[in-house]
Amino acid sequence: MIRSHPARLAAAVAGVAALSLVAAACSSSSSGGGKPGGSGVLTASAPGITATTITIGSHQPLTGIAAPGYDEIAPASNAYFQYVNAHGGIYGRKIIYKYLNDEYNPAMTSTVVHQLILQDNVYAIFNGLGTPTHLAVAPFINSEHVPDVFVASGCECWNAPSTLPDTFGWQLDYIREGKILGKYIEQHFKGKKIGYFYQDDEFGQDGVKGLSYEIPKSQVVSSQSYDPTNIKIAPQVAALKAAGAQVVISFSVPAFTALLKLTMLGLKYNPQLAVSDVGSDPITLAGLLAEFAKNKTAGFGNSLTNGIITDGYLPSTYETTNSWIQLWQKIHTQYLSRYQLDGNVLYGLAVAYTFVQAMFKAGKNPTRQDLVNAINGGLPQAVGVAPFAYSATDHNGIVGAYLGVIRNGELVPTTPVFVTNDTPTGAITTLNAAQPSAPASGIPSP
Amino acid sequence: MASDVSEQIEVPAAQRRLAWLSRSTLARHVLLAAGGAVVLYLISVGLDPYRDYLMAQVAAMVVAVAGLTVLIGLSGQISIGNGAFMAVGGYTGALIFMHLHWPLGLILVVAAVVAAAVGAVFGLAAARLRGPYLAGATLMFAVALPFLANQFSGVLGGDQGLGFFITSPAFLGVNFSLQRWQAWVNCGVGLVVFVLLANLTASKVGRSWRAIRDDEIAAALAGLNVAGYKILAFIVSAACAGLGGVLLAIYDGTVSPSLFTFGLSIQLLTAAVLGGLGSLAGAIWGAALLVIVPIYLQDVAVSHGFASQATSAAIPTLAYGVVLIVVMLAFPRGIQGGLSRLVKKKGSL
């Protein structure tokens, strides 16, 4: 059966040739060949920028294990861009946001990001979601000198200005978050036995690193990790119970927070639960709890999330008088009514606002380097409750958060905002300045 | 052919040369591969970087699928776990790249050898199993192996994997497209593997495999070392998979457990069956179909605004399933099987 005959081999080679030619014929090559214009004229100043549009791209988990909840982020960002486009755009240019599904699989992330940069000529990669997924493409994005802005992950790895000069984090990084959460638990649960439950990758490890800077080792009775591809976590929960942990701090994604809570219920184990921001969105959690427990009773999910301690670096929907929440509600009603206004939607809207902020600062006819320089020069605090860390030597984003507790499906803030840095000894201080209000137009001023 | 030559004296010489060419399988295959290299080079320089990147991707899959198609189509053993051998190759390559900084050529060879060694161990067990039991054993291997990365996350990087980002060599210049370099490396390795496999299958080894596949008892009675040849087939297929794994890591820039899921093993099997089992040309068809069709479908879906919502993001996957079913219905013996039947029909008219 094997075709070792020359004619067949030749046919095979011809086959590849034919396929490649077809592929080549389908290719759309468009690169901006802009003329240098005067300061008032909009030009095609960089790949992905024309006189009328700015095209940016992203990789997002629209299907697969990470999709529940996270699949709302990109549509939410797009809703904000539509709002900006309808109100004058960025110096008159409209934003085109092309986000492709990578199923949270790094192999697919690589393919779609190559497509976005090499074929679609996007100006920047915006808010690529996930630690393992984005790690697979960050070196490539930087080698092409494409701005890699506001990665949707709190990994410290995005703060590497020397090796990844074009990459920037955005959300509160997990080390800072661990420190802030850890100090609060240490102060409010003095002498109690503490257990850790965390995802076994940079996300969970960074979080535990931050916690360990604040919580004495002697107080931690058990440290259990999980692998996101294995949903059987009963052994870990049993170990936490056996060690007598009275407070369990969890650095987990929403699905595993829900599993943790349900497994604890099954083992009749009821410690105080504290969960990192990324795994604690009350609406997402309530939905997952109801789904996993196959319990359709109204309020079932909320009854289980009540009392969970967590932190937040964006204003909470509970604060109905906050100008940012009012702005998000307005845009949500107009462009995104198919989703609930939950933590993921807030996130998508807020990160999109920051991008528009950076683009305005980058100038009227920006090159790719102009955007990177603009962020390196620092961005004023806006959507977050704490300022950004951005500078030429620091590519971390928001530097602080408040603590809160979940009540009736909402995050109720209970403390002022704390800020800190990512070093073991860096002090955690209370932020006294209030968050600036949202502009009335809903669009950052140039 | 000799009749084209008018001068009497030159005929025997030309004939001698042609006869030598048709006698020497190796020379014929090397010549064809050289021709293929020229064609692939011309294509690669004509393509934009993204198509070069896809070319590298297809070539990596071709190498892995070629090994599998030889194993299944020739030796008659089934493996639904070749993705695991790809992982062995990929991780070996990444580890050497990170810690020892060896040149790429050496990394490729060592990765293939390590994967072959693992294949040999597995082949020892496989030689005692057949049919569904063998399939089950290989399946277990594919499912279990990626978990090793989590068990030894200190060395293997856990879920996040290891970086494997090669750059194009300095002599090509600073602005040389990295994707073109990746395409050259992957296609080059693919051609070498094809020459080796084509020779092997045309040799005594290939004939023995076919004999064993068709009737094991008869082959044993004829004096063939059945177990030895079966293990050899596993080694060859694992070495190809290991090489494919490194090539995959090269264009992807990393190795991680999610790169070598059980789904990858199924994809390899799908490509081998779709292309035509036992056919090297079929491996090219199968791999190309597997890489290009899903991307094309996602493109279509995106341009029609389908892929922007979670509910419709599954449409490309759905359409891909339909394409696979249609191909299988139209070409029950794989694409290459169907094509050669078409060619034969035309020839007989």
Along Cα→Cβ, 7 Å out, is where each label goes; now give me the distance between the ones at A:Ala86 and A:Gln334 in nm to one decimal. 0.5 nm
If the viscosity is 0.890 mPa s and the temperature 25 °C, what Stokes-Einstein diffusion coefficient in µm²/s follows for region B:21-145 when Rh is the Kirkwood radius over Cα pairs? 144 µm²/s
Quick one: pull the percentage of alpha-carbon pairs in the protein assembly as shown with a separation above 37 Å. 47 percent
Got a sec? Which residues in region B:216-244 would a label at B:Leu104 touch, if it sits 7 Å along Cα→Cβ and we count backbone N under 16 Å? B:243-244
Using only the alpha-carbon atoms of chain A as identical scatterers, what base-10 log of I(q)/I(0) does the Debye formula give at q = 0.09, 0.14 Å⁻¹? -0.60, -1.30
In percent, how large is the relative contact order of chain A, given Cα pairs closer than 8 Å and 6 or more residues apart? 15 percent
Which of B:Leu197, B:Leu268, B:Leu224 moves the most in a Gaussian network model of chain B with Cα springs under 10 Å? B:Leu224
Project the alpha carbons of region A:175-312 onto their principal axes and report the range along each, largest first, in whole Å. 41, 31, 29
What the 5 Å binned alpha carbon P(r) of region A:255-312 shows, as percent of pairs per bin from 0, is 4, 20, 35, 27, 12, 3
How many Å² of accessible surface get buried when A and B come together, counting both sides, probe radius 1.4 Å, rounded to the nearest 100? 4700 Å²
Around A:Pro132 (Cβ within 9 Å, Cβ-to-Cβ, excluding A:Pro132; K/R +1, D/E -1) the net charge comes to -3
At 1.4 Å probe radius, can you tell me the per residue accessible area of chain B in Å²? 44 Å²
What lysines does A:Lys183 reach when the alpha-carbon gap must be under 21 Å and sequence neighbours fewer than 8 apart in one chain are set aside? A:Lys192, A:Lys193, A:Lys209, A:Lys217
For chain A, the longest principal axis of the Cα atoms and the Cα long axis of helix A:282-292 enclose an angle in degrees, to the nearest 10, of 80 degrees
Please report, as a whole percent, how much of the solvent-accessible surface of chain B comes from carbon and sulfur atoms (probe radius 1.4 Å). 71 percent
With runs of 4+ DSSP H residues as the only contributors, calculate the mean residue ellipticity of the protein assembly as shown at 222 nm using -39,500 (n - 2.57) per run, divided by the residue total and rounded to the nearest 500. -17500 deg cm²/dmol
Output the DSSP H helices from chain B with an along-axis C-alpha extent of no less than 30 Å and a mean Kyte-Doolittle hydropathy no less than 1.0. B:25-46, B:49-73, B:104-126, B:131-151, B:178-202, B:226-252, B:280-303
How much length is gained on full extension from B:Arg130 to B:Asp215, taking 0.36 nm per residue of separation minus their Cα-Cα distance? 29.3 nm
Enter the accessible area per residue of chain A (Å², integer; probe 1.4 Å; all protein chains in place). 36 Å²
Between the Cα axis of helix A:73-86 and the main Cα principal axis of chain A, the angle (0 to 90°, nearest 10) is 60 degrees
In region A:175-312 the accessible area split gives carbon plus sulfur, as whole percent at 1.4 Å, a share of 54 percent
Between A:Ala434 and A:Lys294, how high is the FRET efficiency from 1/(1 + (r/R0)^6) when r is the Cβ-Cβ distance and R₀ = 45 Å? Nearest 0.05. 0.50
Please compute the Kirkwood hydrodynamic radius of region B:91-220 from all pairs of different C-alpha atoms, in Å with one decimal. 18.2 Å
For region A:86-136, take the alpha-carbon Rg, divide it by the Kirkwood Rh, and send me Rg/Rh. 1.07
All-pairs alpha carbon distance profile, region A:169-242, 5 Å steps from 0, percent: 3, 16, 24, 23, 19, 11, 3, 0
Rule-of-thumb Rg ratio for region A:131-176 [Cα; 2.2 N^0.38 Å; N residues]: 1.03
Using only Cα atoms, find the angle between the long axis of helix A:323-335 and the longest principal axis of chain A, and express it within 0 to 90 degrees, rounded to the nearest 10. 50 degrees
Hey, what D do you get for region A:337-441 in µm²/s if you plug the Kirkwood alpha-carbon radius into Stokes-Einstein at 4 °C and 1.567 mPa s? 82 µm²/s
Rg followed by Dmax, in Å, when region B:27-264 is reduced to its Cα trace: 18.4, 62
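The values are calculated or read from the model by the stated rules, or taken from the named source; none is laboratory data. Given the structure is predicted, the values throughout are model-derived calculations rather than measurements. Backbone-built Cβ (ideal geometry, glycine too); neighbour counts: all protein chains shown. In case anyone asks, the SASA skips ligands and DNA or RNA and just uses the protein heavy atoms, side chains included. Shrake-Rupley method; radii C 1.70, N 1.55, O 1.52, S 1.80 Å.
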